[in-house]
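Engineer: The structure follows.
Just so you know, all these numbers are worked out from the coordinates, no wet-lab data involved. Values in this document were obtained by computation on a predicted structure and should not be read as measured data. Virtual Cβ from ideal backbone geometry, glycine too; neighbours counted across all protein chains shown.
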Amino acid sequence: MGNTTEDLVPCVKRAIDDIIANENFASPPTIKISPGSQIGDGYASKTLAIEIKDTEKTINLFVKYLPEVKNDIIESLKAAFDVEFRFYQEIYPEMKKIQEEKGLKENIFDNVPKHVKTNIKFDGYTPIILENLRLSGYTLRDFQTTIDEEHFVLALKTFAKYHALSYALKDQKPDLFKQLTFDMKDNFVTAFETMLGESMGMAIDMFLNGLDSDLDKKLINSCGNLRKILIDHACNVHKFVDDYAVICQGDCWSNNMMFLYDDNGKPVNIKLVDWQIQRFNSPILDVSYFFYNVATEEIIKNFDKYFNFYYNTLADFLKSLGSDPRKIYPKVVYLSHWKKYAKFGLTMAFGGFLMLAKKDNVPNLLDGDDLKVSNPTEDFEGRSIYQQRMKMLVEHFLERDFL
C-alpha cells in the first residue's frame with residue numbers, strides 16, 4: 001500500500017492533513033499506511049492503520065471510512081457512520097464527564113478507544129479516526145473458539161458499567177439525556193428487516209429440520225412457532241421501549257471487542273470498538289445478544305450466577321455514580337426485561353452460521369454482499385456443533401420461560 005496521504009481517498013486524506021496541521025510536528029512527518037483489519041473482522045467499512053512520525057513523536061491511528069462512491073449500500077451506511085461519530089463526539093464525553101464529576105478514578109468505564117477529532121466531512125458522513133489499539137497490545141478474540149470465563153466476565157462487567165452510566169445520566173441530568181436520545185433511531189431493526197431477517201428465519205428452520213423426530217419430540221412440540229416468535233420480536237422490539245431504556249451499544253458480537261492481556265495470557269482490559277448501531281431500548285438487548293452468542297454449556301448451567309453478576313455490577317456502579325438502583329432499575333424490572341427482551345439474544349445466536357463459516361466467507365457489504373448465507377440449509381463447517389449449541393439454548397429458554 002502507498003505511504004503518503006496522496007494515496008488516500010479524499011475524505012481520509014483531508015482528515016489526516018488536518019491532524020498533521022494541528023499536531024505541530026517538529027519536521028515534516030513520514031506517513032506509513034497499511035490495512036487496518038483482516039478479512040472477516042467486520043462487515044461494513046474500509047479500515048486503515050496510519051502511522052504519522054517525525055523525529056520527535058509518532059501518532060498511530062485506526063481509520064474507518066466508506067468509499068467515496070454513490071450506491072444504495074454506501075448511502076445506507078452513512079447513517080451508521082454518523083451514529084458512531086455522535087457517540088465519540090457527544091455521548092461518550094458526557095459519560096466520561098459524569099464519572100469525573102463524581103471523583104471516580106478506579107473501576108471506571110473507559111472501555112472505548114480514544115477518538116481523534118477532525119472537522120472533515122465528505123458528502124454528509126465523517127470518517128472515524130481512532131487510536132490504533134493493536135499497537136497498545138489489544139487484539140480480537142477468535143470468535144470461532146470457545147469463550148472462557150475470564151473473557152466472559154470481563155465483557156459482562158463492561159456492559160453493566162456502560163448501561164449504568166446511561167441510567168445515571170437519565171437520573172441526574174434528564175434534560176441532557178433527552179437531548180442525547182430524542183432522535184435516536186433503531187437502525188438495527190431496519191438492518192434486520194432488510195438484510196438479516198431472512199437468513200435468521202432460514203437458520204431457525206434449519207435448526208428445527210435438524211431435530212430428531214423421536215429423540216427431540218418434546219422440543220419439536222414446543223417450538224412449532226419459534227420462527228414467528230423470534231422474527232416478530234426482533235422486527236418489533238423498537239416498539240417496546242419503556243421508562244427503563246438506555247443507550248444500547250447495539251452490536252455486541254465478539255469482533256466488536258478487543259482485549260488486552262497480561263504476560264500470562266489473562267485478559268485484563270477490554271475496549272468496545274463499534275458504535276454504529278446504537279439504539280435506545282432495554283439494556284437486555286445488549287446483554288442477551290452478547291450472552292447467548294458466546295455462552296458455553298457451563299455458562300448456561302450457571303445462568304443465575306452470571307444473571308446476578310451483571311445486575312449487581314450495574315447496581316454497584318450506579319451507587320458509585322450517586323443513583324439508587326432500587327429506583328432507577330429495580331431487580332424485579334431487570335427480571336421482567338430478561339423475560340421480555342432476551343428472545344433477541346436467541347435470535348442473534350441463530351445467526352451463528354455466519355461465525356462458524358470460514359472467515360473468507362464472511363460477507364462484506366462494501367463488496368455487494370448482504371448479511372446472509374446463500375443457503376444456510378446446506379451443510380457448512382461446524383453444522384453439527386451449531387445444531388447442538390442451538391438445541392442447548394432453546395432448551396434453556398423453554399426451561400426459564402423466556403419464550
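Engineer: If you place +1 on the Cβ of every Lys and Arg, -1 on the Cβ of every Asp and Glu, and leave all else neutral, what size is the dipole of the range 165-300 about its Cα centre, to the nearest 20 Debye? Spell out each step's value before the answer.
Structural biologist: Details: 12 positive and 20 negative charges, 68 e Å.
It works out to roughly 320 debye.
Engineer: On to the next question. Computed on alpha carbon atoms, what radius of gyration and Dmax characterise the chain, expressed in Å?
Structural biologist: Gyration radius and largest Cα-Cα distance of the chain: 21.7, 75 Å.
Engineer: Specify the residue with the greatest mean-square fluctuation among 349, 26, 295, computed from a Gaussian network of the chain linking alpha-carbon atoms under 10 Å apart.
Structural biologist: Of 349, 26, 295, the most mobile in the Gaussian network model is 26.
Engineer: Can you tell me which of 183, 274, 324 moves the most in a GNM of the chain? Springs connect C-alpha atoms under 10 Å apart.
Structural biologist: In this elastic network of the chain, the residue with the biggest mean-square fluctuation among 183, 274, 324 is 183.
Engineer: In debye, nearest 20, what is the charge dipole magnitude of the range 145-399 about its Cα centre with +1 on Lys and Arg Cβ and -1 on Asp and Glu Cβ, if you could check? Please report the intermediate quantities before stating the final value.
Structural biologist: On the way: 29 positive and 35 negative charges, 194 e Å.
Charge dipole of the range 145-399: 940 debye, to the nearest 20.
Engineer: Let me check I have the definition right: for the range 18-157, take the eigenvalues of the Cα gyration tensor, multiply each by 5, take square roots. What are those semi-axes in whole Å, largest first?
Structural biologist: Working: eigenvalues 131, 98, 73 Å².
Sorted largest first and rounded, they come to 26, 22, 19 Å.
Engineer: Could you calculate the contour length gain from residue 23 to residue 336, that is, 0.36 nm times the residue separation minus the distance between their Cα atoms, to one decimal place in nm? Don't skip to the end; give the middle numbers.
Structural biologist: Values: separation 313, 0.36 × 313 = 112.68 nm, distance 5.08 nm.
Gain in length upon complete extension: 107.6 nm.
Engineer: When 253, 338 are ordered from fewest to most other Cβ atoms inside 10 Å of their Cβ, what list results?
Structural biologist: 253, 338
Engineer: Sticking with this structure for a sec: Taking the beta-carbon count within 10 Å as an exposure proxy, list 14, 326, 383 from fewest neighbours to most. Can you show the working numbers first?
Structural biologist: Numbers: 14 18, 326 12, 383 15.
With the fewest neighbours first, 14, 326, 383 line up as 326, 383, 14.
Engineer: Say the dipole of the chain comes from +1 at the beta carbon of Lys and Arg and -1 at that of Asp and Glu; which of 287, 169, 349 then lies farthest toward its positive end?
Structural biologist: The listed residue farthest towards the positive side: 169.
Engineer: Then there's this: Say each of residue 145 and residue 400 gets a label point 7 Å from the Cα, pointing the same way as Cα to Cβ; how far apart are those two points in nm?
Structural biologist: Spacing of the two 7 Å Cα→Cβ label points: 2.6 nm.
Engineer: About its Cα centre, how strong a charge dipole does the range 230-302 have in debye, to the nearest 20, once Lys and Arg get +1 and Asp and Glu get -1 at the Cβ? Don't skip to the end; give the middle numbers.
Structural biologist: On the way: 5 positive and 10 negative charges, 16 e Å.
It comes to approximately 80 debye.
Engineer: Just list whichever of 96/170; 114/170; 105/271 have alpha carbons separated by over 20 Å in the model shown.
Structural biologist: Details: 96/170 14 Å; 114/170 24 Å; 105/271 18 Å.
Table pairs above 20 Å Cα-Cα are 114/170.
Engineer: Considering the dipole of the range 145-399 built from charges on the beta carbon (Lys and Arg +1, Asp and Glu -1) around the Cα centre, which of 252, 196, 322 is farthest to its positive end?
Structural biologist: Of the candidates, 322 comes out farthest on the positive side.
Engineer: Let me ask something else about it. Which residue, 17, 82, 243, tops the fluctuation ranking in a GNM of the chain built on C-alpha contacts under 10 Å?
Structural biologist: With Cα springs under 10 Å in the chain, the top fluctuation among 17, 82, 243 is at 243.
Engineer: Which value at 222 nm does the chain reach when only helices count, each DSSP H run of 4 or more adding -39,500 (n - 2.57), with the total divided by all residues and rounded to the nearest 500 deg cm²/dmol?
Structural biologist: Numbers: 17 runs with 184 residues, N = 403.
Result for the chain, helices only: -14000 deg cm²/dmol.
Engineer: Right, here's the next one. On C-alpha positions alone, give me the angle between the axis of helix 10-23 and the longest principal axis of the chain, in degrees, nearest 10.
Structural biologist: Between the helix axis and the principal axis of the chain, the angle is about 60 degrees.
Engineer: Tilt of helix 284-294 relative to the longest C-alpha principal axis of the chain, in degrees (0 to 90, nearest 10)?
Structural biologist: With both axes taken from Cα atoms, the answer is about 80 degrees.
Engineer: Around residue 248, what is the net charge, scoring Lys/Arg as +1 and Asp/Glu as -1 over all other residues with Cβ under 11 Å from its Cβ?
Structural biologist: Numbers: positive: 279; negative: 186, 251, 286.
Net local charge, residue 248 excluded: -2.
Engineer: If you rank 314, 196 by fewest surrounding Cβ atoms within 10 Å, what's the result? Mind showing how you got there, number by number?
Structural biologist: Working: 314 27, 196 21.
By the 10 Å Cβ count, ascending: 196, 314.
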